[in-house]
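The values are calculated or read from the model by the stated rules, or taken from the named source; none is laboratory data. For clarity, every value in this text was computed on a predicted model and none was experimentally measured. Every residue, glycine among them, receives a Cβ derived from its backbone with ideal geometry; neighbour counts consider all protein chains shown. For accessibility, only protein heavy atoms count, side chains too; no ligands or nucleic acids. Shrake-Rupley method; radii C 1.70, N 1.55, O 1.52, S 1.80 Å.
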Amino acid sequence: MPEQKRSRLRQLLGFVVLKLVPMVVILGISWSGYQVTQAVLRQLDERSDVADRAGTFAGTATAITSDRDSGGEVVAVLPTATSTVVTENPPTQTAEPTPIPPTVTMTATETATESPEPTPTSEPTDTLIPPTDTVTPTVFQQVAQVFATNTPRPSVFATNTPDGAVDETPLPTETPEPTATDLPTSTPTPEPTATATEIPATATPEPPTEAPTAVAATDVPTAEAPGPLPTLLAPLEPPEGLVLGGTAVPTRVPFVPREYDLVNVLLLGTDAELTNDSFMRTDTMIIVSINRQTGTVSMLSLPRDLYVYIPTPSGMMQRINIVYGVGENIGYTDGGFGLLRQTLWYNLGLNIHYYAMVNFSGFTQIIDTLGGIDVAVDCAYQDFQLIGAELPDGVIEVGDEGLRTLPVGYYRMSGAQALWYARTRRTSSDFDRGRRQQQILRSIWREGMSQVSLTNAPQLWNQLMDAVETDMGLEDFVSLMPLALNLDVRNIRDFTLVRTYHTTPWQTPDGDFVQLPVYETMRPLLEEFYRPPPDSRFTIEGATIEVYNGTRNRNWDRVAADRLLWEGFSATSMGYGDDTTLAQTVLIDYTGQEKGSSLEQLARILNVQPESIRIEPDPNRTTDFVVLLGADYNSCDVSGVLPVEQ
């Protein structure tokens, strides 16, 4: 028995020593070899990836070698990705995102063409050459503005700071001298659906109130020579006929040529403070194009539901308001703005140079720092209290459920109140919300220009950086200050898209309701967006307009005068008229001119009925036109704004 046990023990030891141990050693050596092989392969893959990326992003990550040849032209060496070079004037293409057959019944929006455009000078265009394996020199015409490389952008993130106190500004009680008012022009849109509503009459008419004076031009030093603008890497072209998410991918649209020296800044508003889902959506998107050559500005609002192709490595079709968040989450080159910049280039043909982004707290902080802003509300709106915002002073309670109406009027708003006005859309749409956001931007500019100068610009910049994230530097800000200080409000143009004309409503296979861009109608709008505003007929004539309030609705004269001023007219708010019981608005023409008069345009803007227009030529007149506002006054010609109950 002991001998049998020793025999089994020897067998077990023999198995462990001669079979199990060698097997473990062999497996260990094999596993180590596998790990070494994988490491070598990863190294090779990473080197290959780095080499590929170096060729792809050379246009933005490295300096562009430039020199002048004997002919004086600037020679920029850019990497190219294919043998095909993008020309200055590519053939017109039609972007057809999806084969849906909507019927367009609206007519094109009108554009101002009263006087000749300024003669364009040679300026750089946004010609891009996609990256390639072969480096091909490309010759550009010599211009004052040369291309520069992208440098790491400073990220200054908005901070959450308490809102400032509401500025309670009492209205004056004495009759002031009439002054010119300033307020926004509105982009021509389809026939309105909203009607102005009257505030309940007071026992006694209030005395006239002074309208805000226009920002006076300030003598400032001439702006320095324009600096170089950031370059743009052309997005990769998707395969022809690609379908993503059940929607056909549109072809890249031709770029919109720049005939002037333009700086394009994308203003973004994010809802990150409300969602807290680690994904940033930019529901507010406004492109501000600054013409450094003519000293004019254009603004274009993009609806958040615009359905576009996003040129990520794998490509995707989605709403434009998620592009920034996608770029941040996947670590795209230049982050969310880099992807958004390429998306706008691919779908609209616009090159964006800089961006500035605020959240709700930053928005309110900017306005409260200025002490509030004045806003002319030309359409009545109805909504509940919104999270993070405050109801403006003067709202009227409707029912017992917290619903409030903001009537037509002239309001002083704090940051939180302006946020409510910018966000509400219960009785309107995203398209109208973009218009109101432009209106607030103009009010911020007007208030800011009354306080800023070249001497306190650095201090103001530091205050802005507490609320704004941007890739613009102080030098960029200061270089635009002379233009901003001397900007005439009539040289600011507003552009918004019209639903069912510039866009087509579409439901994706996933059930999302979105807006597809209509290239054929959007292209003329984008070309007009790049042009400076023409001189209005009223500016040429030097005509003057006096606006009187013929109702008991407070500040209606200021609302109408501001609306006319932003349309390019010289209008003055005169307060209450002798008769405050007028039922219809009356327009009196003291010039008697049949040719060269803008009487018809005035009547259209103010919705004056033909029977209420009086022609009374007067060679001894002190003003050219007089407007007597009646209870039927309604300049709310915005598509998508619904009538509200008061």
- Query: Counting only residues that are among the hydrophobic types (A, V, I, L, M, F, W, C) and not in a helix (DSSP H, G or I), which one in region 365-374 is surrounded by the most Cβ atoms within 10 Å (Cβ to Cβ)?
  - Reply: Ile373
- Item | Residues of region 276-319 that turn out to be over 27 Å from Trp566 (Cα atoms), touching a helix residue (DSSP H, G or I) at 6+ places or on another chain (Cβ under 9 Å) and open to solvent by 20 Å² or more (accessible area, probe 1.4 Å), as a count | 7
- Query: If we keep just the residues of region 546-564 that are open to solvent by less than 10 Å² (accessible area, probe 1.4 Å) and within 27 Å of the chain's Cα centre (by Cα), which is nearest to Tyr410 (Cα to Cα)?
  - Reply: Val559
- How many residues does region 360-419 hold that are basic (Lys, Arg) and at pLDDT below 90? 0
- Message: Please go through region 320-345 and give me each residue that is more than 17 Å from Val265 (Cα to Cα), in contact with a Lys or Arg (Cβ under 8 Å, 6 or more places away or on another chain) and open to solvent by less than 10 Å² (accessible area, probe 1.4 Å), ordered by number.
- Response: Gly325
- Message: Scan region 616-624 and tell me whether some residue there is in contact with a Ser or Thr (Cβ under 9 Å, 6 or more places away or on another chain) and either at pLDDT 95 or above or of a type in the set (Gly, Ala, Ser) (or both).
- Response: no
- Over region 258-279, the set of residues farther than 19 Å from Glu528 by Cβ and polar (S, T, N, Q) is Thr270, Thr275, Asn276, Ser278
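Yes/no per residue for (1) assigned to a loop (DSSP other than H, G, I, E, B); (2) of a type in the set (Phe, Trp, Tyr); (3) closer than 20 Å to Arg446 by Cα; (4) at pLDDT 90 or above:
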residue: Ala216; (1), (2), (3), (4): yes, no, yes, no
residue: Thr222; (1), (2), (3), (4): yes, no, no, no
residue: Thr251; (1), (2), (3), (4): yes, no, no, yes
residue: Phe279; (1), (2), (3), (4): yes, yes, no, no
residue: Ser289; (1), (2), (3), (4): no, no, yes, yes
- Item | Residue that is farthest from Asp557 (Cα to Cα), among those in region 375-421 that are aliphatic (A, V, I, L, M), crowded, with 23+ Cβ neighbours inside 10 Å and in contact with a strand residue (DSSP E or B) (Cβ under 8 Å, 6 or more places away or on another chain) | Ala418
- Item | The lone exception for Ala583 - which of (1) among the hydrophobic types (A, V, I, L, M, F, W, C); (2) surrounded by fewer than 18 Cβ atoms within 10 Å (Cβ to Cβ); (3) touching a helix residue (DSSP H, G or I) at 6+ places or on another chain (Cβ under 7 Å) it fails | (3)
- Message: Checking Gln437 against (1) modelled with pLDDT of 90 or more; (2) assigned to a loop (DSSP other than H, G, I, E, B), only one condition comes out false. Which one?
- Response: (2)
- Please work out which one of (1) part of a strand (DSSP E or B); (2) crowded, with 18+ Cβ neighbours inside 10 Å is the condition Met472 fails and give its number. (1)
- If Ala467 passes every condition in (1) part of a loop (DSSP other than H, G, I, E, B); (2) in contact with a Phe, Trp or Tyr (Cβ under 7 Å, 6 or more places away or on another chain); (3) open to solvent by less than 20 Å² (accessible area, probe 1.4 Å); (4) not charged (D, E, K, R) but one, which one does it miss? (2)
- Message: Would you confirm whether or not region 332-347 contains a residue that is touching a helix residue (DSSP H, G or I) at 6+ places or on another chain (Cβ under 8 Å), under 30 Å from Arg558 (Cβ atoms) and not hydroxyl-bearing (Ser, Thr, Tyr)?
- Response: no
